[in-house]
Amino acid sequence: MEKTINKKEIRRIDWGVVKRLVKFLYYNSGIKKTNIALKCNLAYNKCVLYLDWLETIDLIQRADHDGYEIIRLTERGTDLYKRKLNEIKLELKS
């Protein structure tokens, strides 16, 4: 699958956006980019920039499914979410 080269880059990472994307993909694997943008309340072009960045740090992977691209978390992305979820649970208990 060819990767589109995007001339725009993220200037400053909004960790709230990263958290929303990773959390959404943890519970909804194999989703199209348009649906991810809608469900995470992001402009499509901003969502694509973040997805490109998440792919470069190996938190998501893209796959072709019936002619369209779907996004899912990698094992590393799933581990990150689970680790963060456990940290939050521990904070709530104390």
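None of the figures in this text is laboratory data; all of them are computed from the coordinates on show. Because the structure is predicted, anything quoted here is derived from the model rather than measured. Cβ coordinates were reconstructed from backbone atoms using ideal geometry, including for glycine residues, and neighbour counts include every protein chain displayed.
Amide H contacts of Thr74: Ile60, Gln61, each under 5 Å away and 5 or more positions distant or on a separate chain (H built 1.01 Å from N in the peptide plane; Pro and chain starts excluded).
Can you figure out the FRET efficiency of Thr78 with Trp15, using R₀ = 25 Å and their beta-carbon distance, to the nearest 0.05? Each step should come with its number before you reach the end.
On the way: r = 18 Å, r/R0 = 0.73.
It comes to 0.85.
Per-residue Karplus couplings for the stretch 19-24, computed as 6.51 cos²θ - 1.76 cosθ + 1.60 with θ equal to phi - 60°, are listed in order as 4, 4, 5, 5, 5, 4 Hz, Gly and Pro entered as x.
Here the sum of -39500 (n - 2.57) over DSSP H runs of 4 or more residues, divided by the residues of the chain, equals -17500 deg cm²/dmol at 222 nm, to the nearest 500.
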